[in-house]
1. On full extension of the chain, what length is gained from residue 114 through residue 88, given 0.36 nm per residue of separation minus the C-alpha to C-alpha distance?
2. Arranged from highest to lowest average of other beta-carbon atoms within 10 Å per residue, in what order do the peptides 63-75, 9-21 appear?
3. Where Lys and Arg each count +1 and Asp and Glu each count -1, what net charge lies around residue 43 among other residues with Cβ under 13 Å from its Cβ?
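Quick note: the coordinates plus some simple rules give every number you see, no bench work behind them. This structure is a prediction, so every number in the text was calculated from the model and none was measured. Neighbour counts run over all protein chains shown; Cβ positions are idealised from the backbone, glycine included.
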Amino acid sequence: MKEPMQHLHEIEGRTERCLCKYCGGPLELRRIFFGDVETARTEIFCQKCDRIEYGVEPEIYSISQYFVKGFQFNCYPDIDHGEQTDRLNTARVCEIITWYSQSIGILDANGFVDDIKKILSEKTSLLLTNEVIEEC
């Protein structure tokens, strides 16, 4: 289990770096009270969505939003199509891309690893080939 100060430092970094995976809005730290004062915790929060949110890297949000709109992706066919459905789909694609990026080792608790940050800052689109991954 993480030390409380380590966890607080990590979520402060996420708040500065990440966006809400539903709306793409900025995140803030907020003290959330669960019943009594002893169970209060500091959480990452999206004020626009009014929800506790862990956040997603801006690059992943941008790619996910493009994927949902560009390919009309919908993993919620039982829900009427609209802005809320687009947000849910964007959040789901964010989760998938985040999981994949973590599983291949290009994303960790501090964001994208340094070599990938360099590639992302140099290009408007990212094509990961075996050669690029091996170079990292």
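1. Working: separation 26, 0.36 × 26 = 9.36 nm, distance 2.99 nm.
In short, 6.4 nm is gained.
2. Details: 63-75: 14.7, 9-21: 17.6.
Final packing ranking: 9-21, 63-75.
3. Numbers: positive: 14, 30, 31, 41, 51; negative: 10, 12, 28, 50, 53.
Result for the local shell: 0.
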